[in-house]
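The values are calculated or read from the model by the stated rules, or taken from the named source; none is laboratory data. All figures in this text were calculated on a predicted structure; none of them were measured in a lab. Every residue, glycine among them, receives a Cβ derived from its backbone with ideal geometry; neighbour counts consider all protein chains shown. The accessibility values were calculated without ligands, DNA or RNA, using every heavy atom of the protein model including side chains. Shrake-Rupley method; radii C 1.70, N 1.55, O 1.52, S 1.80 Å.
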Amino acid sequence: MNWDSLIEAAWQVRGAAYAPYSNFAVGAALLAVDGRVFTGCNVENLSYGLTQCAERVAIGAAVAAGVREFLAVAVVADTGVPISPCGACRQVLAEFGVPRVMLANRDQRLEFGLDELLPRASSGILDRPE
Ligand code: THU
């Protein structure tokens, strides 16, 4: 797993973040199984609630390109400790089974399995009692 280039791609796209309300820019880079990298930045909205996080923008870019299988995602921001994805993004990453997640700031990297960040994401939802 070459985290260096994925993290670099996330820093690059972070420069495009549209975050006039929070002034908090985030970048995400997704590595697909075919080796392609799809990136996203956060895109905020005056209504706040319509804000799109960087992770979900990256997923959308990949899916729109016909790509649905991924190996990893890197998420970066200029925070004191590495950024922590919101619950909605964890669920969307789980939808596409992104197995490894790297969270980074300028000087620290934390790697997780998605199952650590969102345990039991796909179990039970459609289960019915006997
Ligand atoms: N944000 C992301 O893009 N990804 C995260 O993992 C956490 C938060 C964005 C949403 C909003 O534009 C800003 O960061 C502040 O929450």
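Condition check ((1) surrounded by 13 or more Cβ atoms within 10 Å (Cβ to Cβ); (2) over 11 Å from the mean Cα position of the chain (by Cα); (3) not in a loop (DSSP other than H, G, I, E, B)) across all residues:
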| residue | (1), (2), (3) |
| --- | --- |
| 4 | no, yes, yes |
| 20 | no, yes, no |
| 27 | yes, no, yes |
| 34 | no, yes, no |
| 38 | yes, no, yes |
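Pairs under 7 Å by beta carbon, first residue under 27 Å from residue 72 (Cα atoms) and touching a residue at least 40 places away in the same chain (Cβ under 8 Å) in the stretch 46-57, partner open to solvent by less than 90 Å² (accessible area, probe 1.4 Å) and within 9 Å of the ligand (Cβ to nearest atom), six or more apart or different chains?
Note: pairs meeting the criteria are 54/26; 54/27; 54/28; 54/40; 54/41; 54/42; 54/75.
Any residue at all in the stretch 83-95 that is within 11 Å of the ligand (Cβ to nearest atom) and of a type in the set (S, T, N, Q)?
Yes: the stretch 83-95 contains one or more residues that are within 11 Å of the ligand (Cβ to nearest atom) and of a type in the set (S, T, N, Q).
Are any of the residues in the stretch 11-26 closer than 15 Å to residue 97 by Cα and either touching a helix residue (DSSP H, G or I) at 6+ places or on another chain (Cβ under 6 Å) or of a type in the set (Asp, Glu) (or both)? I'd like the intermediate steps shown before the answer.
Taking the stretch 11-26 as the starting set, the residues that turn out to be closer than 15 Å to residue 97 by Cα are none.
Within the stretch 11-26, none of the residues are closer than 15 Å to residue 97 by Cα and either touching a helix residue (DSSP H, G or I) at 6+ places or on another chain (Cβ under 6 Å) or of a type in the set (Asp, Glu) (or both).
Any residue at all in the stretch 66-81 that is within 12 Å of the ligand (Cβ to nearest atom), outside any helix (DSSP H, G or I) and open to solvent by 50 Å² or more (accessible area, probe 1.4 Å)?
yes
For residue 43, work out the one condition from (1) touching a Lys or Arg at 6+ places or on another chain (Cβ under 7 Å); (2) open to solvent by 40 Å² or more (accessible area, probe 1.4 Å); (3) more than 27 Å from residue 120 (Cβ to Cβ) it doesn't fulfil.
All conditions are met except number (1).
Return a yes/no flag: does the stretch 101-109 have any residue that is more than 16 Å from the ligand (Cβ to nearest atom), exposed (fewer than 13 other Cβ atoms within 10 Å of the Cβ) and either free of Cβ contacts under 8 Å to residues at least 12 places away in the same chain or aromatic (Phe, Trp, Tyr) (or both).
The answer is yes; a qualifying residue exists.
Here are 40, 15: which of them is within 11 Å of the ligand (Cβ to nearest atom) and under 20 Å from residue 109 (Cα atoms)?
Values: 15 fails: within 11 Å of the ligand (Cβ to nearest atom).
Matching residue, one of 40, 15: 40.
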